[in-house]
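This report concerns only the one structure given below.
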Amino acid sequence: MSLLRVSNLSVVFTGRGRPPLVALDDVSLTVAAGETLALVGESGSGKSTLALAIAGLLDTAASVRGQIDVAGHGIVGAAPTALQHLRRGGIAMVFQDPMSALNPVHRIGDQIAETMPGSRAERRAAASRLLHVVGLPDAERLLEAWPHELSGGMRQRVALAIALGQEPRLLIADEPTTALDVTIQAQILRLLADLQRDLGLTLLLVTHDLGVVAELADRVAVLYAGRLVEVAAVDALFSTPQHPYTQGLLAARPPFGPDAPMLPRLTEIPGGLPSLSPPPPGCRFAERCARVSQRCREDMPELRASSAGLVACHHPGATP
Amino acid sequence: MTHFARRLRRDVPALAGLVTLVLVGAIALAAPWLYPGDPQDMVARPLIWPFQDAALPLGTDRLGRDLAAGLAHGARVSLLVGFAAAAAAVLVGVTVGCLAGWFGGLVDDSLMRVTDAVQTVPGFVLALALVAVMGPGVGTVILAIAVSSWTGTARVVRAEVSSWRERDLVAACRVMGMGSGEILIRQILPNIASPVIVLASVVVAVAILVESALSFLGLGDPALVSWGSMIAEGRGLLRRAWFVAAVPGVAIIITVVSVSLAGEAVTAALDPRDRQ
């Protein structure tokens with residue numbers, strides 16, 4: 001049973017005096033209840049736009065076509081009041097920078113309890129319980145604390161507590177560890193994994209960090225220039241990537257381990273993202289791809305079943 | 001409240017400002033009991049210098065009116081006009097700024113062009129014109145000052161709101177199911193209270209000055225004593241009895257300065273980063 005279903009989603013940003021920018025083009029994916037799907041791509045690939053679209057947070061400058069269903073409720077085109085209703089108890093979101101997601105003039109306890117039902121004492125007890133859930137001891141003191149008194153990792157835990165306070169079924173985490181120290185990153189990732197398991201959350205993890213993906217995800221969706229290029233189970237994606245872009249991403253990771261070779265220079269994917277206003281007619285990766293053929297430049301590849309999952313490429317397969 | 005007191009103890013100028021303002025306010029409130037009767041009544045011979053007569057500590061003016069009584073009653077007008085005009089101006093400014101900053105686009109453009117238009121007219125000239133058209137009176141003076149001084153607040157609030165609108169906090173609140181009004185009033189406004197209060201204290205100070213200036217020009221409420229009209233009264237006597245103009249002048253300076261200092265004290269008290 002899929003909790004999240006995105007079908008043929010296109011998002012175009014139109015601004016005054018600027019050509020329209022196609023941020024997402026015909027994206028379809030499903031996430032099963034209790035599953036963790038990682039959304040991977042470089043900056044500008046549209047992964048955050050997709051996360052915002054699912055949360056119903058795109059502003060009026062974006063024209064959205066296609067369908068997004070969360071637990072059977074349509075998000076695209078829903079009235080603001082319907083969206084508000086849907087969000088309480090449905091979708092919650094954790095952001096990259098926990099300082100900018102917390103309100104500096106409200107106490108931690110008030111921010112967690114803010115949207116909860118019940119009396120003041122009940123909400124306070126619930127807030128204190130949530131702080132324990134996200135691994136923050138000494139809840140009584142923290143409820144009275146201000147955001148600026150906490151460390152980055154604690155703030156992100158508080159942001160998680162606020163999100164969990166809505167008892168969401170779908171948690172969207174938009175680069176939740178990018179702004180944190182490496183040691184804190186590991187703690188937050190472990191916490192996310194524990195919460196996901198204990199609470200049966202469905203997790204949509206937006207990241208560009210493949211280490212995070214390997215740690216947490218069940219399945220991975222790779223976005224490139226607004227289109228899905230590959231969707232596969234995490235093991236399959238890491239062992240037998242089919243799309244040349246995915247292969248490039250994996251090859252670009254620095255080697256790590258006791259017998260890892262010292263590279264004079266890290267591997268990179270040559271070139272940069274194509275312009276998206278308007279996007280090129282054929283495969284968007286064509287200009288950077290070693291396997292490019294005439295067909296790639298003219299005919300856009302659709303997502304098709306491959307040996308490992310789904311891939312959008314005319315010449316898929318293992319690295320030659 | 002305890003952190004506020006502790007902070008004030010360290011910040012002597014703010015404390016002095018707050019105490020002075022409270023004192024001036026108390027004198028204004030108590031004026032009818034401190035100096036019963038009309039402050040425009042003649043009580044002694046004219047032009048007694050200050051500190052000569054224990055019953056008339058600040059002396060008398062050209063017509064033998066008690067300057068201390070005039071000062072106390074004038075404080076009522078100055079503070080009433082100052083605070084009422086500032087409250088009206090800040091209310092309008094915050095509303096306009098919030099709408100423009102939050103909704104952006106056409107709403108922003110049209111509201112800001114109106115703001116531009118009002119701002120191009122010098123504030124005092126606008127107030128002068130309004131009072132000249134509508135006739136003198138406390139209500140008119142308040143309205144005139146409010147109309148000419150909401151623009152600064154509107155601009156600052158618009159800039160702050162449109163910057164807060166883009167932060168993750170707003171997206172987070174939306175995901176939590178809050179509506180625009182709730183986010184604006186409960187989440188964003190408390191964060192921009194500091195600059196608004198500082199601005200408000202400036203508007204109060206300017207309003208007191210504008211009221212004095214209008215009264216000095218004879219455009220204040222003719223039925224009431226105000227500090228401005230007292231200065232106007234002393235204008236012709238500067239060579240012989242400068243104290244008649246100086247006494248209300250010093251009162252204006254002290255009040256305006258204390259309003260500014262008190263504004264800073266309140267701002268600091270509201271900032272959680274200062275609550276250690």
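The values are calculated or read from the model by the stated rules, or taken from the named source; none is laboratory data. Remember, it's a predicted structure, so these values are computed and weren't measured experimentally. Cβ placement follows ideal geometry from the backbone for every residue including glycine, while neighbour counts extend to all protein chains displayed.
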If we keep just the residues of segment A:106-116 that are of a type in the set (Val, Ile, Thr) and more than 9 Å from chain B (Cβ to nearest Cβ), which is surrounded by the fewest Cβ atoms within 10 Å (Cβ to Cβ)? A:ILE108
Of the residues that make up segment A:87-105, is at least one facing another protein chain (nearest Cβ under 9 Å), farther than 23 Å from B:ARG167 by Cβ and surrounded by fewer than 17 Cβ atoms within 10 Å (Cβ to Cβ)? yes
Considering (1) within 24 Å of A:GLN84 (Cα to Cα); (2) in a loop (DSSP other than H, G, I, E, B), say which one A:PRO137 fails and leave the rest. (1)
Of the residues B:VAL175, B:VAL170, only one is under 18 Å from A:THR115 (Cβ atoms), within 13 Å of chain A (Cβ to nearest Cβ), without any contact (Cβ under 8 Å) to a residue 24 or more places away in the chain and touching a Phe, Trp or Tyr at 6+ places or on another chain (Cβ under 8 Å); which? B:VAL170
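Going by the conditions given, is A:VAL70 more than 14 Å from chain B (Cβ to nearest Cβ) and surrounded by 23 or more Cβ atoms within 10 Å (Cβ to Cβ)? Write out each step before concluding.
On the way: more than 14 Å from chain B (Cβ to nearest Cβ): no; surrounded by 23 or more Cβ atoms within 10 Å (Cβ to Cβ): yes.
No.
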Kindly check whether there is at least one residue in segment B:37-45 that is crowded, with 19+ Cβ neighbours inside 10 Å and under 16 Å from B:SER226 (Cβ atoms). yes
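Can you confirm whether A:ALA221 is at pLDDT below 90, among the hydrophobic types (A, V, I, L, M, F, W, C) and either surrounded by fewer than 24 Cβ atoms within 10 Å (Cβ to Cβ) or in a strand (DSSP E or B) (or both)? Walk me through how you get there before you give the answer.
On the way: at pLDDT below 90: no; among the hydrophobic types (A, V, I, L, M, F, W, C): yes; either surrounded by fewer than 24 Cβ atoms within 10 Å (Cβ to Cβ) or in a strand (DSSP E or B) (or both): yes.
Taking the combined requirement at face value, the residue does not satisfy it.
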Taking the stated definitions as given, is B:ILE254 in contact with a Ser or Thr (Cβ under 8 Å, 6 or more places away or on another chain) and surrounded by 18 or more Cβ atoms within 10 Å (Cβ to Cβ)? no
Condition broken by B:GLY97, with the remaining ones in (1) surrounded by 15 or more Cβ atoms within 10 Å (Cβ to Cβ); (2) within 17 Å of B:TRP227 (Cα to Cα) satisfied: (2)
Residue pairs within 9 Å by beta carbon, gap of at least six or interchain, first lying in segment A:45-65 and within 12 Å of chain B (Cβ to nearest Cβ) and free of Cβ contacts under 8 Å to residues at least 60 places away in the same chain, second assigned to a helix (DSSP H, G or I) and of a type in the set (S, T, N, Q), listed first then second, are A:LEU58/A:THR49
Out of segment A:72-97, which residues are within 14 Å of A:ARG5 (Cα to Cα) and over 18 Å from the mean Cα position of the chain (by Cα)? A:GLY72, A:HIS73, A:GLY74, A:VAL76
Quick one: what pairs do we get from segment A:169-193, first residue surrounded by 17 or more Cβ atoms within 10 Å (Cβ to Cβ), second among the acidic types (Asp, Glu) and assigned to a helix (DSSP H, G or I), C-beta under 7 Å, 6+ apart or different chains? A:LEU189/A:GLU215
Which is over 20 Å from A:ALA186 (Cα atoms), out of contact with any strand residue (DSSP E or B) (no Cβ under 7 Å at 6 or more places or on another chain) and within 14 Å of another protein chain (Cβ to nearest Cβ), of A:GLU144, A:GLU140? A:GLU144
